[in-house]
Amino acid sequence: MEPLAKRYLFSWLFVAVSLQVSSLHFAVGTFYTAYLNVSFIDPTNNETISRHGESGLTVYGQDSPKVTVMGDVYMPDPIYSCESDTLYDVPSGSKGWIAIIQRGYGCTFSQKINVAASKGAVAAVIFNGLGTDNTVIQMSHPGTGDMVAVMISHRQGMEIVELIRQGILVSMAIEVGEQHGPWMSHYSVFFVSISFFVITAATVGYFIFYSARRLNTVRLQNLKQKHLKADAKKAIGQLQVRTVKRGDEETGPDADTCAVCIDAYKSGDVLTILTCNHFFHKTCIEPWLLEHRTCPMCKCDILKALGVEQPEEDQPSHQLTMQPDMTSYPRVPVPEDTRSETASSGYASVQCTEHSSPADETHMYETAHVGLD
């Protein structure tokens, strides 16, 4: 995969993870309010008074079950309900009662709620601290099990506490209110959905484009290689071929070997002579030329030397222009470092002069003199 594709993929993954984290953050930000109904009997006239709390001033805790509970309300001593020895003045045999607790005094919401639960309460109403007026928060109280927990404002909590301190029995009903939070906004849902769709569509579109371009590039390369291989076959058919005879210099004890297969030349071996006058076993050099189309030693391009056209960008910049000659191959100057006098590289060349006659040229290919002018 190309670096650009990798960067694009990682960018998409980063955005996807960001959206996932954002969704979790929004989910945590979701909260439920509650309706708080408080009732008591007025001692002056024995009338039952009910007060319905505003849902916005009563909030379920983050870890609380969102269910409806009701019961009489009792206050702990001390009112913060932090210690396990906290006392609740609850009549014996009372069931389903609700504890009202003040926030603060250095202990967590979970500690306050668990102390109330250990004393038999089914719910805990925690009112905010002094100086907070009508503000409430969503409490975090892990580890409190099925205990219902809500928070009310300091002012509302103190009203209930004062009634209890006057010896008035207070009853309470906590009812589930409405869900609030970012996911309740239709605009937020629409925005996140559209963003995810756009990112996904852009990613899929890019990879379709990238794959199509990649396939087209491979197809063009295969077509190009096919054409070059066909041209190489034509060029190979135009190369000079000779058979090594007994007594030829190539069969001597000091003769060079074929640089492709590293085998010595023997009588009866068929050699292919390239346009640069280097020769090799026919069975060795032809597969090489089909793939590379150049002399293994001097890099002379046989397609160019024989007049077979090829794309301009495929022509090596260091090659020399050579005119084809079907009857004989004139000597072509090549870099000196590839043709040593001692033929240390294992390759040999056939000597050829500009003024040689056709008969001399025939003799040249049969004797295969080693060396260069």
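The values are calculated or read from the model by the stated rules, or taken from the named source; none is laboratory data. What you are looking at is a predicted structure, and each value in this text was computed from that prediction instead of being measured. All Cβ positions, even for glycine, are placed from backbone atoms using ideal geometry, and neighbour counts span all protein chains on display.
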Condition met for Ser92 (in a strand (DSSP E or B), surrounded by fewer than 17 Cβ atoms within 10 Å (Cβ to Cβ) and at negative phi): no
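Are any of the residues in the stretch 232-241 loosely packed, with under 11 Cβ neighbours inside 10 Å and farther than 30 Å from Gly53 by Cβ?
Yes, the conditions are met somewhere in the stretch 232-241.
With the condition kept exactly as written, say whether any residue in the stretch 208-222 is in contact (Cβ under 8 Å) with a residue 24 or more places away in the chain and over 30 Å from Thr30 (Cα atoms). Steps first, please.
Taking the stretch 208-222 and keeping what is in contact (Cβ under 8 Å) with a residue 24 or more places away in the chain, we get 210.
Narrowing the set further to residues that are over 30 Å from Thr30 (Cα atoms) leaves 210.
Yes, some residue in the stretch 208-222 is in contact (Cβ under 8 Å) with a residue 24 or more places away in the chain and over 30 Å from Thr30 (Cα atoms).
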The stretch 27-41 residues that are within 20 Å of Val161 (Cα to Cα), paired with ones that are of a type in the set (Lys, Arg) and modelled with pLDDT of 85 or more (beta carbon under 9 Å, 6 or more apart): Ala34/Lys66; Leu36/Arg51; Asn37/Arg51; Val38/Arg51; Ser39/Arg51; Phe40/Arg51
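Results for (1) outside the structural domain of Asn114 (by TED's automatic domain parsing); (2) modelled with pLDDT of 95 or more; (3) in contact with a Phe, Trp or Tyr (Cβ under 8 Å, 6 or more places away or on another chain), shown as yes or no for each residue.
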{"site": "Leu36", "(1), (2), (3)": "no, no, no"}
{"site": "Pro43", "(1), (2), (3)": "no, no, no"}
{"site": "Ile49", "(1), (2), (3)": "no, no, yes"}
{"site": "Gly53", "(1), (2), (3)": "no, no, yes"}
{"site": "Leu57", "(1), (2), (3)": "no, no, no"}
{"site": "Tyr74", "(1), (2), (3)": "no, yes, yes"}
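Looking only at the stretch 261-312, filter to residues that are of a type in the set (D, E, K, R) and farther than 21 Å from Glu249 by Cβ; which one of those is surrounded by the fewest Cβ atoms within 10 Å (Cβ to Cβ)? So that I can check it myself, show each step before the final result.
Initial filter on the stretch 261-312 (of a type in the set (D, E, K, R)): 263, 266, 269, 282, 286, 291, 293, 299, 301, 304, 309, 312.
Cutting the leftovers down to farther than 21 Å from Glu249 by Cβ gives us 286, 291, 293, 299, 301, 304, 309, 312.
Working: Glu286: 15, Glu291: 11, Arg293: 21, Lys299: 15, Asp301: 22, Lys304: 22, Glu309: 9, Glu312: 6.
Result: Glu312.
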Verdict on Pro91 being within 19 Å of Val170 (Cα to Cα) and not β-branched (Val, Ile, Thr): yes
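Residue-wise test of (1) in the same structural domain as Arg293 (by TED's automatic domain parsing); (2) over 26 Å from His292 (Cα atoms).
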| site | (1), (2) |
| --- | --- |
| Ala202 | no, yes |
| Tyr206 | no, yes |
| Asn216 | no, no |
| Leu223 | no, no |
| Gln238 | yes, no |
| Lys245 | yes, yes |
| Asp254 | yes, yes |
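Run down Phe10, Phe26, Phe31 and say which single residue is modelled with pLDDT under 90 and farther than 27 Å from Val136 by Cβ.
On the way: Phe26 fails: farther than 27 Å from Val136 by Cβ; Phe31 fails: farther than 27 Å from Val136 by Cβ.
When all the criteria are applied, what remains is Phe10.
Mind listing just one residue for me: the one in the stretch 290-306 that is among the aliphatic types (A, V, I, L, M) and more than 45 Å from the chain's Cα centre (by Cα) and, of those, farthest from His227 (Cα to Cα)? Write out each step before concluding.
Looking only at the stretch 290-306, we keep the residues that are among the aliphatic types (A, V, I, L, M), and these are 290, 297, 302-303, 305-306.
Add one more test, that the residue is more than 45 Å from the chain's Cα centre (by Cα), and what stays is 297, 302-303, 305-306.
On the way: Met297: 24, Ile302: 15, Leu303: 12, Ala305: 17, Leu306: 16 Å.
Selected residue: Met297.
Here's the yes/no breakdown for (1) surrounded by 12 or more Cβ atoms within 10 Å (Cβ to Cβ); (2) assigned to a helix (DSSP H, G or I); (3) among the polar types (S, T, N, Q):
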| residue | (1), (2), (3) |
| --- | --- |
| Gly104 | yes, no, no |
| Cys107 | yes, no, no |
| Lys112 | yes, yes, no |
| Val115 | yes, yes, no |
| Met158 | yes, yes, no |
| Gly167 | no, no, no |
| Thr203 | yes, yes, yes |
| Tyr210 | yes, yes, no |
Among (1) in contact (Cβ under 8 Å) with a residue 60 or more places away in the chain; (2) surrounded by 19 or more Cβ atoms within 10 Å (Cβ to Cβ), the one test that Ala123 misses: (1)
Pairs with Cβ under 7 Å, 6+ apart, first in the stretch 264-278 and assigned by TED's automatic domain parsing to the domain that holds Leu303 and basic (Lys, Arg), second at pLDDT 90 or above and surrounded by fewer than 19 Cβ atoms within 10 Å (Cβ to Cβ): none
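Matching residues to (1) at positive phi; (2) assigned to a strand (DSSP E or B); (3) crowded, with 16+ Cβ neighbours inside 10 Å:
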{"site": "Ile164", "(1), (2), (3)": "no, no, yes"}
{"site": "Gly177", "(1), (2), (3)": "no, yes, yes"}
{"site": "Val189", "(1), (2), (3)": "no, no, no"}
{"site": "His227", "(1), (2), (3)": "no, no, no"}
Filter result (in a strand (DSSP E or B) and surrounded by 12 or more Cβ atoms within 10 Å (Cβ to Cβ)) within the stretch 67-86: Val69, Met70, Gly71, Asp72, Val73, Tyr74, Pro76
Test: residue in the stretch 131-150 that is farther than 26 Å from Glu178 by Cα, crowded, with 21+ Cβ neighbours inside 10 Å and among the aliphatic types (A, V, I, L, M): no
